[in-house]
2 protein chains.
Amino acid sequence: MELEWVQKLRSLPNASYLGDDAAVVGSALLTTDMLTEGVDFLLNEVPPEWIGRKALAVNLSDIAAMGGVPTGFLVAAALPHKIGNTVSGGNLPLLQFAERIYAGMTPLIEKYNLTLFGGDTNTWDGGLVISITMLGKVLPFGVFRRSGGQADDAILTTGQLGGSILHKQFCFEPRINEALYLNEHCTVHSAMDISDGLALDLHRLAAESGLGAVLDEEKIPITDDAFTLSKRTGKTALEHALSDGEDFELLLTVPQVEAEKLLAKQPLRERFGTTLYGIGTLTADKKLRLRNAAGVVRDLPLRGFEH
Amino acid sequence: MELEWVQKLRSLPNASYLGDDAAVVGSALLTTDMLTEGVDFLLNEVPPEWIGRKALAVNLSDIAAMGGVPTGFLVAAALPHKIGNTVSGGNLPLLQFAERIYAGMTPLIEKYNLTLFGGDTNTWDGGLVISITMLGKVLPFGVFRRSGGQADDAILTTGQLGGSILHKQFCFEPRINEALYLNEHCTVHSAMDISDGLALDLHRLAAESGLGAVLDEEKIPITDDAFTLSKRTGKTALEHALSDGEDFELLLTVPQVEAEKLLAKQPLRERFGTTLYGIGTLTADKKLRLRNAAGVVRDLPLRGFEH
């Protein structure tokens, strides 16, 4: 439903360009992401701190996807009247619950020196909802766009993919610093963050650029958690890496010569402990394909996690 | 709970000043307001268009309270998987439901030439939640603050109060144009919008200004709906005007000479059909009081609608 709705919104006369992870308004970046109980977290499985952290981190990841600097945020929340069935077993007083959600945001607020610009706190009979609007600023080097990809660009990611549901969805590090480094020092043609699965998000990036892509199956970096998960689900670890949501790694396309240097020198590794992986190539034809080690090419299934 | 929580947030080292209806960041205004099903609307009592309109209008009212120009917004929504029990009686397809919510925003989007900067649409098992972040810009004349009130200022409102739950909560006109006119042509010392009831909101404005206030009981303009409601509730119409939430009129304080001119000339009436009412005076002592026609003064009860 979301894709269809976004298409509608994009066609509105008063909509700004909605094809990127954040809107560019003058020198400002704007993005909003909402988390809902039961979809993005379960109160009886994770502490409130993790929920607060995730709510902030997913928004930071959108600013990273644009290659910008996050500056601050507004947070609106709907808190259940009664906080029962928490991970700690019992009920939590509401104010304490709110404080613990906010405490989970604090390390990221301090790390990126974010300002809290405003908030709206509500209580209701429903589940927990947290909505954050993040602001950022555009660097002199400009912003990353999904639409800037060029045919023959190398496709890179900033980390391993898949199985995020086991751990990474709550502890991933938004790739702010990596994006800023790449924006300053490299030629990045296009970028986005992988939030709905590599296959679906690459499809979106390629579509915005008017291109297709070939992914090299054996080059796709797969998390240990994707292998763990595959034992339970019967899907292969590769399928998890292609279709699981919430990796929150950057998907970048750069000229081939740039990619060769980046993959050889790995400038993000010593600086931020982050490894870049080359996983494929943008193509002039508009197909999305997967190529195995033997060179056999097949269509890339678009299954991804659609919110 | 919200007051206590807001106090906590305001004390955080990384919080911007949170005492006004919107944050001032450079020349930008930022505010966020979230509506939740069962608190701010009932799906079986109002059409989706009204919900969309209200979600946008409450945020516009915050920009009006600052005397600024609204420029655009981001909207995040949690939509119930199944839209049953609507005012139209039956289930609505989800996309149609979303479209109708947005359609309710369209007249205000066009009237104020707002840009849609972004959105996040989610579906879940819970009720409907809509969260909007509104941006505005500061005029060369500056912004209205709650903290700018001066002793002996006249207290004005832009309309009658009370009983909003019957109709006005969904059809009120955010006082954008009134605020812009007053900002350009008059001396406004302090302002906010009345969202949680006159008594509670005046208490907040006076507290931010380090002052008290006396309201003239017989001058408080009371809506017909407050009288209608009082027949059902046993409360007086005045009590409704003092304590009902969601009036979304502006509460302004101006010098006495300014007030005399404004109340005599009523410059907003021919321009926008809006009448200004003088309802009291800010006082150097920090008490909040109500004065009746006979000059008898009593404490102002702080009952208001606290979210």
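Computed values, structure above
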{"read-out": "So residue A:142, is it touching a residue at least 24 places away in the same chain (Cβ under 8 Å) and at positive phi", "value": "yes"}
{"read-out": "Residue check for residue A:270: assigned to a loop (DSSP other than H, G, I, E, B), among the acidic types (Asp, Glu) and closer than 30 Å to residue A:104 by Cβ", "value": "no"}
{"read-out": "Residue among A:283, A:274 that alone is surrounded by 17 or more Cβ atoms within 10 Å (Cβ to Cβ), over 21 Å from the mean Cα position of the chain (by Cα) and touching a residue at least 12 places away in the same chain (Cβ under 8 Å)", "value": "A:283"}
{"read-out": "Test: residue B:182 is under 14 Å from the mean Cα position of the chain (by Cα), buried (at least 23 other Cβ atoms within 10 Å of the Cβ) and modelled with pLDDT of 95 or more", "value": "no"}
{"read-out": "Which listed residue, of A:226, A:207, A:259, is in contact with a helix residue (DSSP H, G or I) (Cβ under 8 Å, 6 or more places away or on another chain) and either modelled with pLDDT of 95 or more or not in a helix (DSSP H, G or I) (or both)", "value": "A:226"}
{"read-out": "Qualifying residues in the range B:3-48 (those that are surrounded by fewer than 18 Cβ atoms within 10 Å (Cβ to Cβ) and of a type in the set (Asp, Glu)) - the one nearest to the other protein chains (Cβ to nearest Cβ)", "value": "B:4"}
{"read-out": "Inter-residue pairs, beta-carbon under 7 Å, first at positive phi and at the interface with chain B (Cβ under 7 Å from one of its Cβ atoms) and in the range A:125-139, second surrounded by fewer than 24 Cβ atoms within 10 Å (Cβ to Cβ) and modelled with pLDDT of 95 or more, 6+ apart", "value": "none"}
{"read-out": "Positions within the range A:59-81 being part of a loop (DSSP other than H, G, I, E, B) and either free of Cβ contacts under 8 Å to residues at least 40 places away in the same chain or within 13 Å of chain B (Cβ to nearest Cβ) (or both), in sequence order", "value": "A:66, A:81"}
{"read-out": "Exclusive hit being without any contact (Cβ under 8 Å) to a residue 24 or more places away in the chain and either assigned to a helix (DSSP H, G or I) or within 14 Å of another protein chain (Cβ to nearest Cβ) (or both), set B:184, B:110, B:178", "value": "B:110"}
{"read-out": "Number of positions in the range B:157-210 that are of a type in the set (A, V, I, L, M, F, W, C) and touching a Pro at 6+ places or on another chain (Cβ under 8 Å)", "value": "3"}
{"read-out": "Pairs where the first residue, in the range B:45-58, is in the same structural domain as residue B:131 (by TED's automatic domain parsing) and the second is at pLDDT 95 or above and among the acidic types (Asp, Glu), C-beta under 6 Å, 6+ apart", "value": "B:58/B:33"}
{"read-out": "Residue B:46 vs. criteria over 24 Å from residue A:115 (Cβ atoms) and either assigned to a loop (DSSP other than H, G, I, E, B) or within 16 Å of the chain's Cα centre (by Cα) (or both)", "value": "yes"}
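The values are calculated or read from the model by the stated rules, or taken from the named source; none is laboratory data. Just so you know, these numbers come straight off a predicted model, no measurement behind them. Cβ atoms come from the backbone with ideal geometry, glycine included; neighbour counts cover every protein chain shown.
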